[in-house]
Structure formats: C-alpha cells, structure tokens
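Working notes, beginning with the structure itself.
The values are calculated or read from the model by the stated rules, or taken from the named source; none is laboratory data. These figures come from a predicted structure and were not determined experimentally. Cβ placement follows ideal geometry from the backbone for every residue including glycine, while neighbour counts extend to all protein chains displayed. Quick note on the areas: whole protein, heavy atoms, side chains included, nothing else; ligands and nucleic acids left out. Shrake-Rupley method; radii C 1.70, N 1.55, O 1.52, S 1.80 Å.
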Amino acid sequence: MNAKKQPKTLRRSASRFIPYLLRLELVKWLFMNEDKNRSKDIKDTITEIESRWPDLKNNEIDDNPTFIFSAGWRSGSTLLQRLVMSDNQTMIWGESYKHCNIIKNFSNSLKAINKDYPEERWFLSEIEKHGSVQLEDLFIANLYPEVKYFKKAHQNFLLDLLAEPARERNYPRWGLKEVRLNVDDAIYLKWLFPKAKFLFLYRNPYKAYISLRAHFLSRAWTLYEMWPTMSIRTPHGYGSFWARIVEDYINRAHEVDGLIVKYEDLCSGQFPIEKLEEYLDINISKKVLIAKIGQTENKEGMTRSELLVLQKALNPLAEKLGYQPIR
C-alpha cells in the first residue's frame, strides 16, 4: 500500500518544489543583473558616454589640480602633501569631508549611463529639434538637460568645494590628498580635469600597521575604506586593503599618467625631488623633509599572531616590493 502511494507523494512534492526552483532562478537572475550593473568599470562607462556624445571631449577645462593618493594611513601622505604645498602657489586639501565619500559616490553616479540610458527622446534638445513646442502640451515625465551639463555639474562641485576657497586665499593651484581612493577614482577625476596630475604613494605596510596598532587595540579610531559600512578593524583587514590598493597603483597608474612614489625612497633621497618638481611644474622646498611634524609613531610591536595574520594578507606583494615582516 505504501509502495502504491509513494509515486503520488513524490509527484505532489515535485509539484510544490518546481515553482520554488523557478522563483529561486528568477531571484538569482535579478540579483546577477543588479550586480553586473554595480560592478561596471568606470573606464568602460566613460568610453560609452564619449561614444554617445563625442562633443564632450571638447569640454576641456584649464584647471590642473594635483591629487595625492596614498595607500592607507600612516604612509607619509601628509609629508608628501606638505612637500607639494611648499610651492607657495599650491593648496592641497587633506581628506576633506572624507566620510561623505564624495568622489566615489559621484563617479558611481556615472555608471547608470550606457548606450540605452538615458533615452535620447528625453533630452530637451531632442524635443526642440521638432520646432517650437509648448512643453506643457507634451508628456514630459522624463525631461533631461543635456549630458554636457551633467559633466559640468560634476566639475563645478569640485571647483566650488576645493578650487574656490584655495583661490580666495591666493593659491591659484589646488588639489586633494586622500588615503582611500584607487585608480578608478583617478580615472573619473582625469575625465573631469584632463590636465590633473596624480601622485600614488605607498609605504612599508608593517611599519604603517605598527603606527596604527594602538588605535586598533584601543578602538580610539575606526578606519573606513568607505563610511559607514566598509570599516577596517583588524590586521587582516588592513593588510588586504593595502595589498589591493598598492597592486592597483602599480598596475594602473599609467592609465592617468600618474607618478608612483615610495615613501622610503622619498625620505632617503633616492626619489629625486626634481622629478616631482618637473612632473607637477612647481618649486619644492627640501627643508620640509627635515622637519618632523605630527609624528605619532607607536614603538610597541606586534604579537606573533598579529604578524602572521598581517603577513598572510600582505604577501606576496609586500615581499615582492622588498618589505620583510617586522615586529
């Protein structure tokens, strides 16, 4: 009797299970497409934008800002910032409004644009091609200003935030120092300011971590790659962040004609200051390298377990760059 009922039971179970599988596949399809859009490369985005609107390439801007990108905290970014600012024509702002994620959020807003979006018929200029019309007589639920204004708005935000207050203080040149940004962010900024210059800085990650260690242990700081969710609280988190961002600098700095600076070479004189001066077209005072300002080096070393975790996250890149484990 049970043997006769079993096939019917299996059929009933299957009839319940198949719709569940179909729903599961639908959810997977939706999320896969969403993730695909989220991970869209900024370089591909800009290529698509300029392919649709070639005139945007003519939207040049004369500003030539300097952007200092450092691979995390305690990597000498403030020293490099001070060096550049020893040229009395230049103001480099330091991690301004860092928790607002301005540059990343602005560059991400570009990623929605592609060959299909926005539709051409939504632009006011397309409507105006058909002659004089009364807009109130049309279906104008979607009515867009042209993309050149979209790009200009991005430029003007950074000019208003960073360039204008610098110029009010008689600094004709301006820039920004940051410790969280990568080459994708530089590509976005280069699109806005084609004459921009980029310095990519990194330091011995073991020494940088030792300097940060007291803050990790005391929880006096919470470090964020992106506020408020992407925090860095552990040796592994710091090591993974450092390895990822330094590898990005080394492999892709050429995409924005950037200059890579190794902190140890800068301090020892192996990185010629003249190279910086020529690249940025400024005059630098070498006295800045002598003055020790704001140093908070922690002399307390790591435990063996910390070192092993950190080493695993940093290598093989740290070893390849000549950085050996230290405690």
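Considering (1) under 23 Å from Asp44 (Cβ atoms); (2) touching a residue at least 12 places away in the same chain (Cβ under 8 Å), the lone condition that Leu80 does not fulfil carries the number (1). Would you confirm whether or not segment 57-76 contains a residue that is over 30 Å from Leu212 (Cα atoms) and not in a loop (DSSP other than H, G, I, E, B)? Yes - at least one qualifying residue is present in segment 57-76. Note on segment 93-210: enclosed helices (runs of 4 or more DSSP H) holding 2 or more residues that are crowded, with 17+ Cβ neighbours inside 10 Å are 102-110, 147-158, 183-192. Determine whether Glu50 is assigned to a helix (DSSP H, G or I) and either at pLDDT 90 or above or on the phi < 0 side of the Ramachandran plot (or both). Judged against the criteria, Glu50 is a match.
Every residue in segment 74-93 that is farther than 19 Å from Phe193 by Cβ and out of contact with any helix residue (DSSP H, G or I) (no Cβ under 6 Å at 6 or more places or on another chain), please.
Hits for segment 74-93 are Ser77, Thr78, Leu79, Leu80, Asn88.
Any residue in segment 261-280 that is in contact (Cβ under 8 Å) with a residue 60 or more places away in the chain sitting within a Cβ distance under 6 Å of a residue that is assigned to a helix (DSSP H, G or I) and open to solvent by 70 Å² or more (accessible area, probe 1.4 Å)? List the pairs, counting only those 6 or more apart or interchain. From segment 261-280, the pairs are Ile273/Lys286. For Ile140, the conditions (1) without any contact (Cβ under 8 Å) to a residue 24 or more places away in the chain; (2) hydrophobic (A, V, I, L, M, F, W, C); (3) touching a strand residue (DSSP E or B) at 6+ places or on another chain (Cβ under 9 Å) all hold with the exception of (3). Taking first residues from segment 200-215 that are under 18 Å from Arg304 (Cα atoms) and partners that are open to solvent by 10 Å² or more (accessible area, probe 1.4 Å) and β-branched (Val, Ile, Thr), the Cβ contacts under 6 Å between residues at least 6 apart in sequence or on separate chains come to Tyr206/Ile326. I'd like the full set of residues that are open to solvent by less than 70 Å² (accessible area, probe 1.4 Å) and either part of a strand (DSSP E or B) or farther than 15 Å from Val179 by Cβ (or both), limited to segment 229-242. Correct list: Ser231, Ile232, Thr234, Pro235, Gly239, Ser240.
Give the residue, chosen from Leu217, Leu276, that is over 16 Å from Arg180 (Cα atoms) and at pLDDT 95 or above.
On the way: Leu217 fails: at pLDDT 95 or above.
That would be Leu276, the only listed residue that is over 16 Å from Arg180 (Cα atoms) and at pLDDT 95 or above.
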